[in-house]
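Data first, discussion second: the structure below is written as structure tokens.
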Amino acid sequence: MSNDNAIRTFLAIEIPKEILEQFERLQYRLDRSLTGVVRWAKPGSTHLTLKFFGSVTERDIRSIEDTLKAMSPALGPIHIAVGTMGVFPNLSKPRVLWVGITTGLKELTAMQAQIEAALEAAGFSREERAYRPHLTLGRMKADRRIDGLEKAIESHKDFAAGSFTASEMILFRSDLKPTGPVYTELAKFKLGL
């Protein structure tokens, strides 16, 4: 299949509306307190990524779906709490401002490792970086100074957006547009029986 027909794809857990509302309130407060350019993530399109496939073919998508359908009944629902705040890679060169997972981290990491192993066995490349589940608040250029960032992170270390039970995974298509990415659901996989 030619590159023009490649489909950008990722697997994720959707975040409930109530948590996204807290997320948006936090972005608003941060936008008013930070000095510098932060490209804020659109809360409505925020999700908890489990695996990014990059550009794949329709045949690859069928293989991904078959693999996930076969394994998802053995994966149980996970209770997840969303809170705290940090940056990747570090405060001296921040690129991504994020909200983390405070409950369910161990279970989520174990589930993601099982997904990686099953997909690797199906012929998909394993992610080389360690899995660090998070929700992206915003992105910054490392060479641009963001005044107040360290203070903001410290003052929001006890931030809690809420909790939910993740009971399904969704395979998304991502189309890059000038206004930002547009996500389309390709398939859902129920966690557990």
Quiz item: What does the helix-only formula give at 222 nm for the chain: each DSSP H stretch with n ≥ 4 adding -39500 (n - 2.57), the total divided by the residues, and the result rounded to the nearest 500 deg cm²/dmol?
Solution: -9000 deg cm²/dmol
Exercise. Add +1 for every Lys or Arg and -1 for every Asp or Glu among the other residues with Cβ under 14 Å from the Cβ of Thr136, and state the total.
Key: +4
Practice problem: Take the alpha-carbon centre of the stretch 153-170, take the same for the stretch 12-53, and report the distance between them in whole Å. | Solution: 11
Quiz item: What accessible surface, in Å², does a 1.4 Å probe find on Ser63, ignoring ligands, DNA and RNA and rounding to the nearest 10?
Solution: 40
Quiz prompt | the chain, accessible area per residue, ligands and nucleic acids excluded (1.4 Å, Å²) | solution = 57
Quiz item: Given H placed on each backbone N at 1.01 Å, which residues far from Phe159 in sequence or on other chains put an amide H within less than 5 Å of it?
Solution: Thr84
Exercise. For the stretch 109-118, take each phi angle, set θ = phi - 60°, evaluate the Karplus expression 6.51 cos²θ - 1.76 cosθ + 1.60, and give the result in whole Hz per residue in order, putting x for glycine and proline.
Key: 5, 5, 5, 5, 5, 5, 5, 4, 5, 5
Practice problem: Report the residue, chosen from Met85, Met169, Met71, that carries the largest GNM mean-square fluctuation when the chain is represented by alpha-carbon nodes joined by springs under 10 Å. | Solution: Met71
Self-check item: Residues whose placed amide H lies under 5 Å from that of Leu191, excluding near-sequence neighbours
Solution: Glu168, Met169
Self-check item: Gaussian network model of the chain, Cα within-10 Å springs - most flexible of His47, His156, His134
Solution: His156
Practice problem: Output ³J(HN,Hα) for the stretch 95-104: one whole-Hz value per residue in order, computed from phi by the Karplus curve 6.51 cos²θ - 1.76 cosθ + 1.60 with θ = phi - 60°, and x for Gly and Pro. | Solution: 10, 10, 9, 9, 10, x, 10, 9, 10, x
Quiz item: If you roll a 1.4 Å probe over the chain with all protein chains in place, what percent of the accessible area is carbon or sulfur?
Solution: 48
Quiz item: In the structure displayed, which of Lys17/Lys93; Lys51/Lys190; Lys106/Lys141; Lys42/Lys151; Lys17/Lys51; Lys42/Lys69 lie more than 27 Å apart, Cα to Cα?
Solution: Lys17/Lys93; Lys106/Lys141; Lys42/Lys69
Practice problem: Output ³J(HN,Hα) for the stretch 183-193: one whole-Hz value per residue in order, computed from phi by the Karplus curve 6.51 cos²θ - 1.76 cosθ + 1.60 with θ = phi - 60°, and x for Gly and Pro. | Solution: 9, 10, 6, 9, 6, 10, 10, 6, 8, x, 7
Quiz item: Taking H as built 1.01 Å from N, whose amide H comes closer than 5 Å to the amide H of Val56, not counting residues under 5 places away?
Solution: Ile7, Arg8, Thr9
Quiz prompt | Where Glu116, Glu168, Glu150 fall by accessible area, highest first, once all protein chains stay in place (1.4 Å) | solution = Glu150, Glu168, Glu116
Self-check item: Charge dipole (debye, nearest 20) of the chain; +1 at Cβ of Lys and Arg, -1 at Cβ of Asp and Glu
Solution: 520
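The values are calculated or read from the model by the stated rules, or taken from the named source; none is laboratory data. Keep in mind that what you see is a predicted model, and the values were worked out from it rather than measured. Virtual Cβ from ideal backbone geometry, glycine too; neighbours counted across all protein chains shown. To get the accessible areas, we keep the full protein, side chains included, count just its heavy atoms, and leave off ligands, DNA and RNA. Shrake-Rupley method; radii C 1.70, N 1.55, O 1.52, S 1.80 Å.
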